Structures are given as C-alpha cells and as structure tokens.
1. Express in nm, to one decimal, how much length is gained between R175 and F28 on full extension, taking 0.36 nm for each residue of separation and deducting their alpha carbon distance.
2. Leaving out same-chain residues fewer than 8 places away, which aspartates and glutamates sit with a Cα under 15 Å from that of K127?
3. Looking at this model, which pairs from K187/K209; K173/K296; K152/K173 are more than 32 angstrom apart at the alpha-carbon?
4. Sort E188, E23 so that the residue with the fewest other Cβ atoms within 10 Å of its own Cβ comes first and the one with the most comes last.
5. How do V201, V120 line up, fewest other C-beta atoms within 10 Å first?
6. Using amide H atoms built in the peptide plane, which far-off residues or other-chain residues are under 5 Å from C110 H to H?
7. At a 10 angstrom cut-off on C-beta neighbours, averaged per residue, how do the peptides 242-249, 204-211, 146-153, 32-39 rank from highest to lowest?
8. For region 184-197, take each phi angle, set θ = phi - 60°, evaluate the Karplus expression 6.51 cos²θ - 1.76 cosθ + 1.60, and give the result in whole Hz per residue in order, putting x for glycine and proline.
Amino acid sequence: MDPDRKKRLIELGPEALADALLESAVRFDAVDDLIEHLIATPMENMKRYKSKLAGLKRRRRFISWHESAAYAQELEMLLEDLRSGVKDPRTGVELVAAFYQADAAVFEQCDDSSGSVGDVFRFEAQKLFVAYASKCQDKDWLSQMVFDLTIKDDYGVRDILIDCAGEYLPESKMRELIVRCQAAAGKESGNYRKRQWLSRVESLARQIKDAPLFEKTRLVSWGKLNSAACLDIARVHLDSGDAKTALSWLQRVPEEEIFRAHEKDQLLLEIYAELGDKDNQTEVAWRTFRRHRSEKTLDDLLSVIGHDQKAEVVETETYMQVCFRWPKRWRRRVGGCAHPLSTGRYWIRFYDGVEPKLTPMGCAISRSSTGFPNRFPIGAASKTTGPTSKICAGSTAARAASGADMKRDWWWIGQSLQQFRK
C-alpha cells in the first residue's frame, strides 16, 4: 500500500470517495460486491455468504483458465463475508466446513491449471477455519467434524485441515484422531485410499512430534523405505529432539544420492550443531556452499566458521570460480589448470559494504569488446584481445559503472588470471 496515495485519497474527503466507488460499481461487479460487503450488517453478511455459497452449487457456466484468477477473488470475497458476519466459533466452523464441502461444485466448473482457486481452499479458507476452531470449546465435536469432513477428499484440499490440527486441537484429541484414521485405513482395500489415511496419520504424528509413530506409519504405507523416506523420518526425529537417531537415518542415504541432497545437508548442519560436532558441521557447510553459491549458503557457512572469515572466503572462492570455471579448451590455453571443471554456471562477485550478488559468468564481457558471446567466461576473451586486465577495465560493464569498486574488482580478477597465461 502506497502511504502517499492513501494520504491524498483521505484529503479528497468521504463524499468524493463515495462518488468514485459508486461510479466504479456501475462498471465493475467486484467493486459493487465490495460496497455491499462494507455497508452490510454482520447478519446481512452471513446471509450473503449462504446465498453466494448456494449460488456456487447452482452455477452452470464453466470458468476458463483466463477467468480463474477473478473467480478466486470472488471466492475470497465470499469468505470475507463470512469473517465479517459470524463471530460465534462453532457457527463459523460449520460454515467454513460447508465451503469445503462445496469443493466439487467449485472445481468441476473451472479450469484451475494456475492453482489460484485451490489456493483459496489451502490458505484463505484454512486460516479462517483455524481462527474459528481455535476458539471452539467443544473439542470432541470439532475433532469429529474434521474427521467426517476428510472422509471424502476427491480434490485434495480438505487434508489441509489435518495438517494444521495442532493449531486448534490438544494433543489428546489429535491422538484420538490418529486412532480413527488408522481404523479407517485398515478398512480400505485399495492402496490409494489406504495411503491417504496413513498420510494423515503421518501429518498428525509430525505435529505431535511422535517420531516412532511416524516411522512405523511410513513403513506400513510405503513398505520399502527409500532415501526420501529416510530424510522425512530423520527430520521428525530431529524435531522431536533426538539428533543421534536422526543422524543414523541420514547415514542410510547413499553418499552418491543426489535427490534432495541440499535438504540432506541442511539436516546435517542442524544435527551436527545439536550434537556439537564442529568439524563435521564445517565440512557440510563448505560442501553446501560450493554446490550452490548464494547469499543463503554463504551466510550458513559464515555462521559456522565465523563471520570474521568473510573476506578470506570471498577472495579465495571468487579466485577459484574465475580461474577454473570455463570450457576446457580455454582452460588449457590459459594455463592447463589441473583443477576439475565445475558444473556450475555462476560465480559470486562482491563489493565492499554490499551484499553478495549472484552473477552470470563473463557478464562483464560484451561481444563488441571481445568478439565472443557473453556466455563464455572472462578467460575466453584472451584469444583475440590481449591481457585480461585491460579487457576487464575496458569492458562494457566496467565502463557503465559509476564508481571505482567494479573497476577495481575486475582489475583484481584480471591480475589473478595473468599468472595462468605464462
């Protein structure tokens, strides 16, 4: 929200704003609906909600993909009517549940390829349900309501109420809900429905931090545990305060496994920090940083080795990136470095007093100054244009810089490259 525009609108006065709204309401249905929402009493807004919800079920016109965003805004406005019109928690829960029960009518009449309509159920409706449910005193009734609502979830939007059960149910009621879900899973003959119930048990076990239950349920659901399952189980054990068991589960993941490798290293960082294993934590932090150099991984690294090491890390890693990350033919020409070529396409450029920026390799070299496309690293320019230090100082990016920092950095990079030309 622009505070200056808000101030100027206030200065116009209420009459001018009212006239503008009414004129817009003639042309735009959304503005007309907003005006009705603003001037309605709480009881009128509740009636508006019920009327609109009934209208959704009767609607026959198909909503195309291009209209889905506007349709999602219409659904959000429907929930705003409910929020403004209902204060009683139990009534609010019942009416939000009615919104979820209308999911078939909503999704069957629209193309939600963008996911904007589904997000209304997953976020806006979920927040409203939690707001009412957290104030509801009858937790037995509430638990049964949620269970009944999730029995049929053909569109995958009702499970979100299970995923946030810890925000409105005590642990005892969540455990009762777990028993009901386990019993329902046992009655299912098909694997799909059975796994759907067991996934709810996993969600509840994760929320109450019951790692053994999560582990047992995942084994029953999947049968054979793969690397992804080991990571999920390790996370629940760590959240439950058992770092050693979490580490033992991560050690089951093969070293060469690249699927969710970053997530695994993030877990290892937390585990080693919990165990006080500084050496292994440092090793993982360096591995994570060198796999993907970014502001986040740099900060994670410095938090382990100390922020006083930033200057040394930046200088060394920038040097490594510029000297060794180019095609083999140019690496051989420049000096035949023995360092293995990294698969990454980026290197990090830093300035004094400025946060790190992720910058494409060779972006400062232009075709006009080198004769080569920008996709080649800086060293590639040495074939036709002479010393890299001169190229760097005279490159398009350096000439465009208003200060001396960029020119100084490019000069340093050029000087660093000179020794590999001998």
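1. Additional length available on full extension: 48.0 nm.
2. E76, E80, D81, E94, D119, D159, D163, E167
3. K173/K296
4. By the 10 Å Cβ count, ascending: E23, E188.
5. In order of increasing Cβ crowding within 10 Å: V120, V201.
6. Counting only residues 5 or more places away or on other chains, the set is I63.
7. Top of the packing list down: 204-211, 242-249, 146-153, 32-39.
8. Karplus-based 3J(HN,Hα) across region 184-197 equals 5, 5, x, 8, 7, 9, x, 5, 4, 5, 4, 5, 5, 5 Hz.
The numbers here are math on the coordinates, done by the rules we state, and not lab data. All values derive from a computational prediction rather than experimental measurement. Glycine also receives a Cβ, built like all others from the backbone with ideal geometry; neighbour counts cover every protein chain displayed.
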